[in-house]
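The structure under discussion appears below in the form of structure tokens.
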Amino acid sequence: MKKPKHRTDHGLHRSVISQILKFSIPQILSAGLLLGQGVEVAKVVSKPLERTERLPGEFLPYQAVAIYPRITGFVETVEVDVGSVVKKDQALAKLVAPELEAQIAEAQAKVQAVEAQRAEAQAKLVADQGTYERLKAASATPGVVSGNDLILAEKAVEAARARVESLESSAKAARAAVQTVKEMERYLLVTAPFDGVITERKVHPGALGGPSHAAMFQLEQVSRLRLVVAVPEPDLAGIVKGARVSFTVPAWPSDTFSGMVARISRSVDPKTRTMPVELDVDNRGGRLAPGMFPEVVWPMRRTHPSLFVPPTAVVVTTERTFVIRLNDGVAEWVNVKRGSTAGGLVEVFGPLKAGDPVVRRGSDELREGTKVTVQ
């Protein structure tokens, strides 16, 4: 009685196995025949992207200039050294230029000579004017003065007046030349163009300096610094002018500093695909210095809310990147592009909308158009 029952169970097993073998392995997996379970679904979430990324930066002085004397001369005294804190218009060094003193003396001598000539011409003009007036008065009596003499006296007055005017112009030009040379003499005193710190000194007393020689000093403004950060191209949309950004430096690892986004270059470096952004940093305490490399905690933002899905929902093959959306229980492949990650989710860009159901653990074995059961 037991033997026929055994034969019946064995035949049933063979029947089930023959039915399973009608399917290919991908069909078996996609339909859930081996597991006997449906797929787990997650909803597409829409929310603002809020995350930070640590980017390297570099400090630059807010202003920096190599200081040259405006005229050539020998260094007489040096008033500052490396590390000296200076104010605007403060004397840094004094030069001497003997040839400049000779030019001033020559120009002053020329002024005196022209003034003497002008005084002589002015005296002659007065004399000629008096002669002309007397002849004119005498000509009122007929036959006393010839008409030709009167004309010659008048011409002499005009010539004397023209010479006086010419010498007055020459004297004015000579005085201007003296003033110009004296203005150049002021350039013998080398001064600071702005408040700052002397970071390099390259001259000593007795050295020859001038516009065509080496710079005398390097002056940098360090009470205010520029923090330059190279922001990657995908994160450019989140740059907000005026935003405050925090950073740390190796010299003070336990402290956090901050700066304000002040300038955006608006040009992407084709080699690094980054855009330089400058932050203004208050450094009146003097703890920071140009040349330091801080680590900037850069905030990443989008101008609009982004769509997010679980990272396992994104399927990447050699041909496409997609998620599997369920449309009335039917699998639909939707092409997407990956973005940033935040809060355990990955940002995606594609024809999706918030609330769309997608397969939480996507796989290209779940073919498009397959009818699935939601777990």
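The values are calculated or read from the model by the stated rules, or taken from the named source; none is laboratory data. Model, not experiment: these values are computed from the prediction. In this analysis, Cβ positions are derived from the backbone assuming ideal geometry, glycine residues included, and neighbour counts consider all displayed protein chains.
Side notes on the structure shown:
- Members of the stretch 241-251 that are surrounded by 13 or more Cβ atoms within 10 Å (Cβ to Cβ) and not small (Gly, Ala, Ser): VAL245, PHE247, THR248, VAL249
Let's see how each residue does on (1) surrounded by fewer than 17 Cβ atoms within 10 Å (Cβ to Cβ); (2) more than 35 Å from the chain's Cα centre (by Cα); (3) acidic (Asp, Glu):
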position	(1), (2), (3)
PHE257	no, no, no
ALA262	yes, no, no
MET275	no, no, no
GLU295	yes, no, yes
TRP298	no, no, no
ALA313	no, yes, no
THR341	yes, no, no
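- Residue check, ALA176 at pLDDT below 95 and part of a helix (DSSP H, G or I): yes
- Any hit, the stretch 79-95, residues being of a type outside the set (S, T, N, Q) and in contact with a helix residue (DSSP H, G or I) (Cβ under 9 Å, 6 or more places away or on another chain): no
- Yes/no for ARG361 being surrounded by fewer than 12 Cβ atoms within 10 Å (Cβ to Cβ), touching a residue at least 40 places away in the same chain (Cβ under 8 Å) and touching a Ser or Thr at 6+ places or on another chain (Cβ under 6 Å): no
- Within the stretch 141-173, the set of residues being modelled with pLDDT of 85 or more and either of a type in the set (S, T, N, Q) or outside any helix (DSSP H, G or I) (or both) comprises SER166, SER169, SER170.
- Segments classed as strands (runs of 3 or more DSSP E), wholly inside the stretch 278-375, with at least 3 members that are closer than 30 Å to PHE59 by Cβ and not aliphatic (A, V, I, L, M): 295-300
For (1) assigned to a loop (DSSP other than H, G, I, E, B); (2) under 30 Å from THR341 (Cα atoms); (3) among the aromatic types (Phe, Trp, Tyr), each residue gets a yes or a no:
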position: GLN218; (1), (2), (3): no, no, no
position: LEU227; (1), (2), (3): no, yes, no
position: GLY242; (1), (2), (3): yes, yes, no
position: ASP255; (1), (2), (3): no, yes, no
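- Members of the stretch 52-69 that are exposed (fewer than 15 other Cβ atoms within 10 Å of the Cβ) and more than 19 Å from GLY196 (Cβ to Cβ): THR52, GLU53, ARG54, PRO56
- Tallying residues that are surrounded by 13 or more Cβ atoms within 10 Å (Cβ to Cβ) and not in a helix (DSSP H, G or I) within the stretch 77-124 yields 13.
- Matching entry among VAL281, VAL346 (being assigned by TED's automatic domain parsing to the domain that holds GLY238 and touching a Ser or Thr at 6+ places or on another chain (Cβ under 9 Å)): VAL281
- Here ILE151 passes the criteria (1) closer than 30 Å to MET275 by Cβ; (2) free of Cβ contacts under 8 Å to residues at least 60 places away in the same chain; (3) among the β-branched types (Val, Ile, Thr); (4) loosely packed, with under 15 Cβ neighbours inside 10 Å except the one numbered (1).
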